[in-house]
Structures are given as structure tokens and as C-alpha cells.
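What follows is a single structure, written as C-alpha cells, with notes after it.
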Amino acid sequence: VRDGLLGSSVPRDGLAFLAQDSLESDVPRSAVPDYSKTNIQVEGVDEADIVKTDGEYIYVVSGKNVTILRAYPAEEAAVLSKIRLNGTVEGVFINGDKLAVFEGWDFGPYKMWNPHELIRTSVKVYDILDRENPILGRRVSLNGSYFNSRMIGDYVYVVITQLALCVENEVSLPVMDSDDCIRKIDASEIYYSDVPDYSYGFTTILAVNVQDDEEAPTHKTFLLGTTSSMYVSINNIYITFPSGEYTRIYRFHIEGSKIESVAEGEVPGYVLNQFSMDEHEGYFRVATTTSQVARSWTQGLSQ
């Protein structure tokens, strides 16, 4: 430290105190200090949460609301706005000046005559350039329950599951509603596996560009078993489906809006959660658990 640097003098022992005006002039007021982000499993693969921050603002989910607060600088902390939704908020993502919100709808027992309409999941993307006045930019919804999601770059990938039910001798197929354009996903668009299962459901992977409202969302729907766990790397989504004392694993390659089913396999036992799976140097690694109870249950079904 040289004499006179930052407006202070340096005594002979090499230590110096900085003048208050020097600190104010040299540290930009707009600079945001380091802050903690959502704990994630894979670098570059963000996971939805009920609390997010970009260092300057905090986005908090509470019931059916998303509240935006100014957090920095501390002396200006304040509630800026509140987004009120009709459904339950499952989680949010922050991508620059865009806020992606996952909203779950449960219409209750009043439509039991048409069960596939009971539950719906929506992806809503808000422009939050003005944090005090969020503007809804796009909305995509699909019949079924929110299972899980990830964000890679500008794309959000959400997995939605719907039971395969027969209503009045007709299978209720998933219906997608994108910015008020409603269409049923035809049976010819749905992939299926030749592996039998005890319970079938439609698993849909939906890709939404949160930065470009003009790019149409893409999806792939699969008729598979009951979804149990999900692991996502930069280029692949792995989804597990328990089947007796075995677990089937499907790999879906993702790149931007492209979604492609590329591989499937089976391992003994069941997968505990996403942290039981990993991808390393081109290999997929998985830890499973087997038990005598599971084996006995499966044997009972086969008798």
C-alpha cells in the first residue's frame, strides 16, 4: 500500500485506516455482494425452490402468492409487489428479468364425472424488469400433477404426470393449453414401452424458453408406469419407474427445445431419490436398495 492510496496516509508500520468518504467513492452503490443460491445437485442445472434470490431481490412463495422484496441495500429493504395466483405455487425460477412460476390446480371433487380435469399444472413466465409491476408474458398448462423441474440456460423443463384413466369408454388424453390455444395431445403423438406395468400414466416433459415468449413450447409424452425419481444432467433427463422388485430407468436427451427418448434399462431394487443417481464421464451410476419384503410382495402378485 503506497502513501496516499484511497485518500489515506500510511504510517511506518504499514497499516492504515481508510477514510469514510474513500469507501463511499470507491465501492459502487449498485454492487451486489456475494449471496447464497439454491443448493443444486449438478452445476448449471438449476432446481426450483420456494425462495430464490439474485442478490438484490428475494422471491418468496407463500401459499398462492409470490412476493418480491428488495433485499439490498439493507436500508432500502421493502416489499415491492405480490403476485396472486388461483392455484398452489409449487416453486419458481429466476432467469435475469424473467420469473417462471409453477402453479398447481386441484379442482376438488366437483368434477368427479371427468377425473382427468381434476388436476392441472401451469407454467407462467412473468417479465419482472420492473419488480414493482410484474407482467405475465406467457402461460402454458397441461392436465396432470407437477412432478419436478429443472432450468438449464434459458429453458425450463417440467415433468407432469397424469393417470391413464378411461372415462365413458374413452381414454382421457393429456390436454395442453398454451396462451389460450387448447389442443389435445393425440394418441399418435404418445410414445410407449412394451414393458408391462401395474399402473399406467402419461408422463410429459415440457420445455419452455423463459426468455423468448415467441418460441412455442415443445413437449414429449410417454405412456409409462408411476414416476418415482428424476435426475438431470446438462444434456439428459433420467426418470425412474418402480416395477415390483425392479426399477426401470428412461433417459431423455435434451438440448434447448429438443427432447428425445434415447435409452431405457432396468436395475434390481428401488431408487431412494435423485441423489441415488449420477452421471460421470459418459456413464450413468445408480444406487438401489432391495428388501425381502419387496421380493415377497412381488412373489405374491405372481402367484
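The values are calculated or read from the model by the stated rules, or taken from the named source; none is laboratory data. Note that this is a predicted model, so its numbers are computed, not measured. Here the Cβ positions follow ideal geometry from the backbone for every residue, glycine too, while neighbour counts run over all protein chains shown. Keep in mind that these areas ignore ligands, DNA and RNA; they rest on the heavy atoms of the full protein, side chains included. Shrake-Rupley method; radii C 1.70, N 1.55, O 1.52, S 1.80 Å.
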*Can you tell me how many residues in the stretch 236-255 are open to solvent by 10 Å² or more (accessible area, probe 1.4 Å) and either within 15 Å of the chain's Cα centre (by Cα) or within 19 Å of M176 (Cα to Cα) (or both)?*
2
*What number of residues within the stretch 240-276 are assigned to a strand (DSSP E or B), of a type outside the set (S, T, Y) and under 25 Å from V208 (Cα atoms)?*
13
*For the stretch 147-173, which residues satisfy the criterion of being open to solvent by 50 Å² or more (accessible area, probe 1.4 Å) and closer than 24 Å to S233 by Cβ?*
F147, G153, D154
_I want to confirm something. Restricting to the stretch 174-192 and keeping residues that are assigned to a loop (DSSP other than H, G, I, E, B) and not aliphatic (A, V, I, L, M), which single residue is least open to solvent (accessible area, probe 1.4 Å)?_
P174
*Answer yes or no: is there a residue in the stretch 216-236 that is among the basic types (K, R), under 26 Å from A100 (Cα atoms) and touching an Asp or Glu at 6+ places or on another chain (Cβ under 9 Å).*
yes
*Right, T227: under 23 Å from V267 (Cβ atoms) and open to solvent by less than 50 Å² (accessible area, probe 1.4 Å) or not?*
yes
*Within the bounds of the stretch 88-106, is there any residue that is modelled with pLDDT under 95, open to solvent by 30 Å² or more (accessible area, probe 1.4 Å), touching a Leu at 6+ places or on another chain (Cβ under 7 Å) and in a helix (DSSP H, G or I)?*
no
